[in-house]
Amino acid sequence: MVVERRRLGVGVLDDCIYAVGGGDHNNSLNSVEVFDVSIQKWRLVASMSTERWDLGVGVLNNLLYAVGGAGNGHSLSSVEYYDPTLATWTPVDNMSISRQGVGVGVLDGLMYAIGGHGGKYLKSVEVYRPSDGVWSSVADMEICRFRPGVVALDGLLFYMKSLLPEIIDPQFPKRMLKSDIREPDHIKKK
């Protein structure tokens with residue numbers, strides 16, 4: 001990469017890999033760079049309007065979203081997207097709460113912000129609908145998740161930060177589902 005970064009967000013858009021923000025407790029970045037696979041080189045693109053590290057990144061409707069994170073010693077609720085055709089960042093509606101270490105997943109044209117930390121560890125989930133540009137709450141997770149891994153598979157959104165994933169089923173947005181993965185015997189509560 002052109003700029004050294006830690007706790008950055010990463011996304012793939014148009015066969016390019018984007019490294020978004022990053023930094024540490026003392027130094028936040030708003031710079032963004034892209035790795036063009038076809039020429040095997042990194043280059044800087046337009047910077048975000050907000051410095052942020054420990055952020056989530058999602059790709060929705062061919063736009064790269066930077067979600068939450070931390071900057072200037074505070075967790076962020078702000079969200080902005082990068083349009084590669086215009087090479088610009090545009091802010092969208094803030095989430096209802098600040099989320100550092102937020103997991104982001106995209107499913108069925110919606111973007112989910114999952115868990116994170118905003119003064120306390122969070123089990124809340126919000127969904128962004130680009131059609132109206134608004135975030136809204138959906139059912140909480142069973143436990144708090146900080147920096148969860150998130151993946152869409154077979155019409156479901158899986159997220160995990162331990163051995164037990166949970167699932168968001170868009171058919172039932174008011175409740176979270178437990179997966180069929182069972183807790184290993186050696187960590188079951190007695």
Subset tally (residues that are more than 11 Å from the chain's Cα centre (by Cα), within 23 Å of residue 99 (Cα to Cα) and part of a strand (DSSP E or B)) for segment 34-56: 1
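Within segment 86-98, can one find any residue that is out of contact with any Gly (no Cβ under 7 Å at 6 or more places or on another chain), in a loop (DSSP other than H, G, I, E, B), free of Cβ contacts under 8 Å to residues at least 40 places away in the same chain and of a type in the set (Val, Ile, Thr)?
In the first step, residues of segment 86-98 are kept if they are out of contact with any Gly (no Cβ under 7 Å at 6 or more places or on another chain); the result is 86-91, 94, 96.
Subsequent filtering for residues that are in a loop (DSSP other than H, G, I, E, B) retains 86-87, 94, 96.
Checking which are free of Cβ contacts under 8 Å to residues at least 40 places away in the same chain leaves us with 86.
From the residues that got through so far, the ones that are of a type in the set (Val, Ile, Thr) too are none.
No, segment 86-98 contains no residue that is out of contact with any Gly (no Cβ under 7 Å at 6 or more places or on another chain), in a loop (DSSP other than H, G, I, E, B), free of Cβ contacts under 8 Å to residues at least 40 places away in the same chain and of a type in the set (Val, Ile, Thr).
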Looking for something within 19 Å of residue 127 (Cα to Cα) and in contact with a strand residue (DSSP E or B) (Cβ under 7 Å, 6 or more places away or on another chain) - is there at least one such residue anywhere in segment 21-42? no
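So that you can scan it fast, the table gives a plain yes or no per residue for (1) surrounded by 13 or more Cβ atoms within 10 Å (Cβ to Cβ); (2) on the phi > 0 side of the Ramachandran plot; (3) touching a residue at least 60 places away in the same chain (Cβ under 8 Å):
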position	(1), (2), (3)
7	yes, yes, no
21	yes, yes, no
33	yes, no, no
40	no, yes, no
43	no, no, no
47	yes, no, no
50	yes, no, no
57	yes, no, no
61	no, yes, yes
Which residue, of 59, 20, 10, 79, is closer than 17 Å to residue 148 by Cβ, within 12 Å of the chain's Cα centre (by Cα) and of a type outside the set (Gly, Ala, Ser)? 10
Looking only at segment 99-138, which residues are assigned to a strand (DSSP E or B), touching a Lys or Arg at 6+ places or on another chain (Cβ under 8 Å) and of a type in the set (A, V, I, L, M)? 110, 113, 114, 138
Quick check on residue 129: is it at pLDDT 95 or above and either among the basic types (Lys, Arg) or open to solvent by 10 Å² or more (accessible area, probe 1.4 Å) (or both)? yes
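Can you find a residue in segment 71-85 that is buried (at least 24 other Cβ atoms within 10 Å of the Cβ) and in a loop (DSSP other than H, G, I, E, B)? Explain how you work it out, then say what you get.
Within segment 71-85, the first condition is being buried (at least 24 other Cβ atoms within 10 Å of the Cβ), and the residues that meet it are 76, 79, 82.
Within this subset, residues satisfying the condition of being in a loop (DSSP other than H, G, I, E, B) are 76.
Checked against the condition, which is being buried (at least 24 other Cβ atoms within 10 Å of the Cβ) and in a loop (DSSP other than H, G, I, E, B), segment 71-85 yields at least one hit.
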Just a yes or no: is a residue in segment 108-122 under 15 Å from the mean Cα position of the chain (by Cα) and among the basic types (Lys, Arg)? no
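The values are calculated or read from the model by the stated rules, or taken from the named source; none is laboratory data. What you are looking at is a predicted structure, and each value in this text was computed from that prediction instead of being measured. So basically every Cβ, Gly included, is an ideal-geometry build from the backbone, and we count neighbours across all protein chains shown. In case anyone asks, the SASA skips ligands and DNA or RNA and just uses the protein heavy atoms, side chains included. Shrake-Rupley method; radii C 1.70, N 1.55, O 1.52, S 1.80 Å.
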